[in-house]
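J.: Can you read through this structure? Questions will come right after.
The values are calculated or read from the model by the stated rules, or taken from the named source; none is laboratory data. Being a predicted model, the structure only gives us computed values, none of them experimental. We place every Cβ from the backbone using ideal geometry, glycine too, and count neighbours over all the protein chains shown. In case anyone asks, the SASA skips ligands and DNA or RNA and just uses the protein heavy atoms, side chains included. Shrake-Rupley method; radii C 1.70, N 1.55, O 1.52, S 1.80 Å.
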Amino acid sequence: GYLSSYRSCYDVTFYDIHLDINEKQKSISGFVDISFDAVEKIDTLQIDLHQNFKIEAIVLGKDTLSYYRNHKAVFVV
């Protein structure tokens, strides 16, 4: 997609991806740590993730953040 203000308000410096692939169950589980620098004030940011991936939680430090989905986009608020 295009570079909206929800995508351009931060600059990713590192993705740390942890996956558990279960071939028998044909499933993938895991988590991603995203390190980034805010390049402007952030009240909402967008992360792209296909709809078939379930999100259990989005966490910043010890806080669980609110989010909503719009097709392949996840908006963290």
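J.: Apply the Debye scattering formula to the chain, with a single equal point scatterer on each alpha-carbon and no solvent, then give log10 I(q)/I(0) at q = 0.19, 0.20 Å⁻¹.
T.: Log10 I(q)/I(0), no solvent term: -0.93, -1.02.
J.: Need the C-alpha centroid separation for the range 1-24 versus the range 29-66, integer Å.
T.: Spelled out, the Cα-based centre of one part sits 8 Å from the other.
J.: For the chain, what is the accessible area per residue in Å² when the probe is 1.4 Å?
T.: Dividing the accessible area of the chain by its residue count gives 85 Å².
J.: Straight-line reach from K62: which aspartates and glutamates fall under 17 Å, measuring Cα to Cα and dropping same-chain residues less than 8 apart?
T.: D33
J.: Note the full-extension length gain between R69 and Y2 as 0.36 nm times their separation in residues minus their Cα-Cα distance, in nm to one decimal.
T.: Length gained between R69 and Y2: 22.4 nm.
J.: Carbon and sulfur atoms: what percent of the 1.4 Å accessible area of the chain do they account for?
T.: C and S atoms contribute 51 percent here.
J.: Any lysines with Cα under 25 Å of the K72 Cα? List them, leaving off those in the same chain fewer than 8 positions away.
T.: Reachable lysines: K26, K41, K54.
J.: Put +1 on the Cβ of every Lys and Arg and -1 on every Asp and Glu Cβ in the chain; which of S35, Y67, H18 then has its Cα farthest towards the positive end of the dipole?
T.: The listed residue farthest towards the positive side: Y67.
J.: List every residue whose amide H lies under 5 Å from the amide H of I58, counting only residues 5 or more places away in sequence or on a different chain, with H placed 1.01 Å from N in the peptide plane.
T.: L65
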